[in-house]
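Shown next, in structure tokens, is the structure this report addresses.
The values are calculated or read from the model by the stated rules, or taken from the named source; none is laboratory data. All figures in this text were calculated on a predicted structure; none of them were measured in a lab. Here the Cβ positions follow ideal geometry from the backbone for every residue, glycine too, while neighbour counts run over all protein chains shown. Protein only, heavy atoms only, side chains kept; ligands, DNA and RNA dropped before computing areas. Shrake-Rupley method; radii C 1.70, N 1.55, O 1.52, S 1.80 Å.
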Amino acid sequence: EKSLYQNKIGHDAMMRAIDAITKIKLIAQENQVSEIHAFATSAVRSAGNKTDFLEFIKAKTNLNINVISGGEEAELIFYGVQKALSGINNSPYLIMDIGGGSTEFIIAQDDKIRWKHSFQLGVTRLLQYFNPADPITKDEVVKIETYLTEKLSPLTKEMQHYNITTLVGSSGSFDTIVSLIVNQLHSPIEWRPSTSYAIAIEDYILIHRLLVLSTIEE
């Protein structure tokens, strides 16, 4: 099976997509949803067998998938953050959405997008490119950080220009970080689900160190 980094969606990945879409359609039906709009992002955008994948999804689920650009994806992320967050300050802030194939960054201020970019730096793509040991080694961490620093240099320039001090994370990775912070560092009893959670940088650093030192099983 060719990997995502090798620019092809494998059969197992297609079947996982069918399984996920089927479950979501069932939830939609149970809630009497009248219309379903399906979108594909980075992994499908760059796949050499994109057409085969879309036809396979259509045949199995009767859904037409709309493949959107990185710019469109960033805009939708921005609108989602606007819906989820209220009262965010008027200073420029950075939105980060971590995906499998790409990671989107949006700089926003006063309810407007000031800058946006989709980087081909998704978790699955990076994992398959570097194929780190378990647990990851110090040398591998340095290698990955050096790679990301180079690739994200346009972002660094814009962050300095806008004097960014606030990061808004909008993907499942941040949900996981919040769960780890609440359960490892604080009392889960005090936690109440919400559309947002303020992460103290000190807490994030502790969780980062914990993850870097852990095996996959841990």
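Here are some notes:
- The residues of region 90-135 expose on average 46 square angstrom of accessible surface per residue, using a 1.4 Å probe on protein heavy atoms.
- Label-point gap, in nm, between Asp134 and Ser196 - each point 7 angstrom along Cα→Cβ: 3.8 nm
- Cα gyration tensor category, rounded, prolate or oblate, for the chain with a/c compared to 1.5: rounded
- His117 accessible area, assembled protein chains, probe 1.4 Å, Å²: 80 Å²
- Expressed in Å, the radius of gyration and Dmax of the Cα atoms of region 106-171 are 14.6, 44.
- For the chain, a crude dipole built from +1 on the beta carbon of Lys and Arg and -1 on the beta carbon of Asp and Glu, taken about the Cα centre, is about 480 debye to the nearest 20.
- Candidates Pro132, Pro92, Pro188, ranked by Gaussian network fluctuation over the chain, Cα under 10 Å, top entry: Pro188
- The packing ranking of peptides 69-75, 27-33, 80-86, highest mean first, is 69-75, 80-86, 27-33, where packing means the average number of other beta carbon atoms within 10 angstrom of each residue.
- Restraint check, Lys23/Lys58; Lys8/Lys157; Lys116/Lys138, Cα-Cα greater than 21 Å: Lys8/Lys157; Lys116/Lys138
- Residue-count net charge about Ile27 - beta-carbon cut-off 15 Å; Lys, Arg +1, Asp, Glu -1: -1
- With all protein chains in place and ligands, DNA and RNA left out, the 1.4 Å accessible area ranks Tyr162, Tyr129 as Tyr129, Tyr162, largest first.
- Accessible surface of region 93-145, 1.4 Å probe, proportion on carbon and sulfur as whole %: 51 percent
- Modelled FRET efficiency - R0 22 Å, Ile88 with Asn163, Cβ distances, 0.05 increments: 0.90
- Normalising the average separation of contacting C-alpha pairs (under 8 angstrom, six or more residues apart) by the number of residues puts the relative contact order of region 38-123 at 26 percent.
- Accessible solvent surface per residue of region 142-214, calculated while the other protein chains remain in place, 1.4 angstrom probe, Å²: 73 Å²
- Annotation for Tyr79 and Ser171: the two label points, set 7 Å from Cα along the Cα-Cβ direction, are 2.1 nm apart.
- In region 115-189, the trypsin sites (Lys or Arg not before Pro) that fall in loop regions by DSSP, at most 13 other Cβ within 10 Å: none
- Ligands, DNA and RNA aside, Thr41 has an accessible area near 50 Å² when probed at 1.4 Å.
- Accessible surface of Ser91 - all protein chains present, 1.4 Å probe, nearest 10 Å²: 60 Å²
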